Every structure is written in structure tokens, then in C-alpha cells.
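Only one structure is covered here, and it is reproduced in the block below.
No value in this document is a laboratory result; all are computed from the given coordinates. Not measured: the values here are computed from a predicted model. We place every Cβ from the backbone using ideal geometry, glycine too, and count neighbours over all the protein chains shown.
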């Protein structure tokens, strides 16, 4: 008989997940009576391993040969804590640690995590569970002409929208990213009704500020729209048109670095007064020069992306504090929030400053961070991040869910790792953050999900991948996997985010092959689009899917059950990526695919491979 404790089960720990200062936390541990326990303690440590508190657990009852010991306590201040148990018996003393998903182990294993978040940490709840859509602006749609006077040279525009983006290095071995397809802000405006029909409520735009490159992560002027996209008046009209449709606009904030050709660094002396050409420039202290002017700190060693000193007082004022700061300027122009590029490389203090100004300008604005791992315990550059324990970010990009979904639907995982990942994130993240997670399957930084789910290994050379299209056999399997993956994406907590073109099944491997022009010629009668419109409609109609608690069960045979619960109601999703399976789930059928049989009275079902059902339980 093993000692029993599972932090995800309310029998053992309540509340589930995070706590706030002063909130009572109850922990109950089940110890076999044969152990002859005398004393049990919960040992709460700070992240540096220093003991923070020791709570005695009181004996309550013995049932089924297990003695129950319970402690009730509270944490006094926000922070990231870890805990384990110390047990004294008649004959020995030992520590108890976590093993695996829900097991325990003596003397060896992991410690359980307990996050205490600020009691006043609030997020824009009205956006919980909303459908999100990511647009790479140059590749979405073009409407009308724009004034290219002032557009940074050199650049060229593809005559054929269905060309591949340029991916090969030039004669100097550089991929210059100066080829454009001409997508603009007016083009986005013209497609808002299309996005509305898709059920989209939040639109996230990759960078739109003046820059040389087509991706625009090399910002040249934070307060000017890139000429290829239009102007500030166009942006204001976009926000007005989106708001009329109850849609929000989120901008990409690239504040860890600028472009080398920016007005601030000005490596080519195009603007005058930049840090690289004037040692007395007002911008010189924004950057870290090792040997002026040619040797400086740059983002991952990319010389065209000089890093900034975010906590430099003048830079911080420019971005955050000034009356017409970058944050204030674009929020007042109509934006509804920011996604912070490489949030791991921004000081926590800087993120806090951004959040305070953002919320001051628009209380229900949204702040999302680019984080690729579990953001609750993330460490970067030797420092534990305080995204949630200091109430800095409303949301993060949810790459852990992406990896878990891909591994499950492709059969690399039988469901156990998927369960572990989802429930770990649900436990570690504040609930108000969990419901706003940016749940993605593709982004501008990843291969498109449709290509990822091909059963065959892609070609080795980038040139071959650029021109590769799946065969009929590949399409057959990838399509089944894709619909199952998207279904999971839409039933998990968070904001399901559609990367432009994924809703019509666009293919594409790594950057820039995942950034092709949207295939508007493939929209009509597109079965993927019909699927996304249908599942999005259900998502928007069922409040349980937007705000409900989540619980995942699996026996590890390629079938997972996802329950969402809210105010006594339950919606259950069952996904089968293995062979035919059957079970019972009585209730109102909301959605299904590859459903062989369903009895609405008994709830008995039979699902084929890659099949799924969504039922509102009786």
C-alpha cells in the first residue's frame, strides 16, 4: 500500500491550483495504518530551497486501512513555493515527494508546486475563451493603393501572390526578408466580416510599425505605421470597424530590440541623430556598445537587431511613461492590448511598467507574453520569472498545449502525456490566466499544423520543402489528424487561436514557408473552413467551454476524455486517435466526427479512428 496524495484531486488538496494571500489551503494525506504514523508535516519552501513554513497535519480518521492527516493553512505573501511532506513513525522519519502524475515516493522525487498570486490580480474576463485569429499583415489581403513614399529601401513586391516567399540566402549569404506581397490594413478591414463569420473576437497582428523587413521585427519607428501597410488613419479605421463588430485588436510589441536601421540606432545614417553615428545622440544610452560604434549587443547575435536597455530611464519613458508613449499612443489610437515579443528577454520590472500603463489607458486591455514553456515556473537568464506571482501578464502563448496535441494525434503519445500536460498547466496557472491562454497550433514561428501532421517525413532541403505538397495519401491522414487536433484546441480552456490560412488547410514548413499569401481562391466550399465555423459557433455559444474548469482522463490507449464543468453543468469531449472504441456519454450531442453510433437515451457511442464527440451531459 502506497501513501496517497494527488494535488489535482480535491480530496487531497483544496482549492485546486493557485491561491491568494490569506486564502485557506487544505491538504489531506492518506497513510497506511501499518506505517504507524506519529507526526506529519507539510514543508513549504521558497524557490531557493529555503524552508518558508512548516505546518502540522492533524489525524482525523482511519478508513479502509488508511489514516488521514489534514492541515489547513494560508500563505502570507505572493510567490512561487514548493512543498513536500515529512513523516515521523514509531521507527523512522522520512520525507515524501511527488512521483509521476499522481503518485508519491519516499526520499526521492519532485516537490509539488504552489503558486500564490496577488489578490488584486485581474484579467479581462470578458475575453475568456474567445476565439483568436493571428494575421501576418503582409500576407493576408490587399485593398486599394498605399503611398510607398518613405518605404525603406531596397524592397520589391511579388507580382504573383502565390510565389513562395524568398528563403534562399543572397550572394552575401544573407536572407534579407525584403520581398513583400503587399498585404495592408485596408485589406484586413475588408475581411472583418469574414472573420466575424468565423467566430473571431480577438485579432492579433504581427508587427505593423515602420521597418525594413517584411516581418517587421526590426522596428524602425515605433510611432509610425509601415508605409507598405498604410498609415495611422487606416489603423484607426481598422480599430473602429473591429469594435463595431465586437472584435478587439492586439498589437505586437517588440521592445527587447530595435532594427539597426531604425531612427534610434541608424546604422546607415539614413535619419541622422541615431546612436550608431552620433556618440552624443539622445538614443546612445538605449544600447549596449562594447566597442563604439561597431561592436554592440544584439538579439541572438543578429547584427540587424541591436538590443535595447529596457530599464534605461529614457527608453522606458519613451515606451511606457511619457504622455504620448508608444503604449499610450496606440491604445488611444484604438488598440486593445499588446503581445510582448520574447517576453523572457524583458525584465519583469519592465513588463510591470507596461501593464500598469496599459491598464491605466484601457482597463480591460489584454497583455500577452511570448513564452514557450510553463510560464508559472519559467527561469530565464538565471532568474525565475514572476509573470503570475507578481501579476504581470494576462496571458501567454500556450506552446505546451500545442506540443501535447501534436504528440497525441500523431500517436507519439497514448494520451498520458497529453493528460499530464493539460492538467499541469491548469494546476500551475491562475484560473483567470488559464481562460485567456493563446492556444495555438501554428504561428509565424512554427511550421503550419497541417504540414506537421503529415504521416511522412518532409524533404530534407528547404528548396524541396518550399515546393512540396502532400500526396493524396498524406492528405487523407493529415486531414483526419488536423480536425482532431483543432477539435481539441477548441474544447480546452483558453483562447483557441487560428493562424491565418489554417482554417482553409494551408500547407507550409518553417519560416518563411509558413508565411505565404492567404489562398483566397481556396475559401469557397472549403471543408476545413466549414468545420472551423461550426466548432467556433459552438464555442461561442457554450459558456462552459469558455470559462469551465477542465479535467482530463485517459487510460492510455489513444482515447482521452476532456470534461469542462461550470455551475453544475458539464460538457464532455471524447477524442479517439486509435482504433474503434466505445463508451457511454448520455446527453445532448453538440458536435461529432467519425461517430459510428450514438444512442441519445443510453449515451452509448462508438467512435472510429480520429473520431470525436462533444456532449452536454444530462
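Filtering region 9-41 to residues that are crowded, with 19+ Cβ neighbours inside 10 Å and either in contact with a helix residue (DSSP H, G or I) (Cβ under 9 Å, 6 or more places away or on another chain) or assigned to a loop (DSSP other than H, G, I, E, B) (or both) leaves 17, 18. The residue that is nearest to the chain's Cα centre (by Cα), counting only those in region 334-362 that are farther than 19 Å from residue 204 by Cβ and touching a residue at least 60 places away in the same chain (Cβ under 8 Å), is 345. Within region 300-319, being within 18 Å of residue 351 (Cα to Cα) and within 28 Å of the chain's Cα centre (by Cα) holds for 307, 308, 309, 310, 311, 315, 316, 318, 319. Where strands (runs of 3 or more DSSP E) fall entirely within region 279-375, those with at least 1 residues that are farther than 24 Å from residue 238 by Cβ are at 289-291. Residues of region 101-110 include none that is part of a strand (DSSP E or B), more than 30 Å from residue 530 (Cβ to Cβ) and in contact with a helix residue (DSSP H, G or I) (Cβ under 6 Å, 6 or more places away or on another chain). Here residue 480 meets each of (1) without any contact (Cβ under 8 Å) to a residue 60 or more places away in the chain; (2) out of contact with any helix residue (DSSP H, G or I) (no Cβ under 8 Å at 6 or more places or on another chain) with one exception, condition (1).
Considering the conditions (1) within 24 Å of residue 420 (Cα to Cα); (2) in a strand (DSSP E or B); (3) more than 36 Å from the chain's Cα centre (by Cα), residue 86 is excluded by exactly one of them, (1). Kindly check whether there is at least one residue in region 48-67 that is at negative phi, crowded, with 17+ Cβ neighbours inside 10 Å, in contact (Cβ under 8 Å) with a residue 60 or more places away in the chain and in a loop (DSSP other than H, G, I, E, B). Looking for residues that are at negative phi, crowded, with 17+ Cβ neighbours inside 10 Å, in contact (Cβ under 8 Å) with a residue 60 or more places away in the chain and in a loop (DSSP other than H, G, I, E, B), one finds none in region 48-67, hence no.
A quick yes/no check of all residues on (1) surrounded by fewer than 16 Cβ atoms within 10 Å (Cβ to Cβ); (2) more than 21 Å from the chain's Cα centre (by Cα); (3) free of Cβ contacts under 8 Å to residues at least 60 places away in the same chain; (4) more than 28 Å from residue 501 (Cα to Cα):
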residue	(1), (2), (3), (4)
537	yes, yes, no, no
549	no, no, no, yes
559	no, yes, no, yes
577	no, yes, no, no
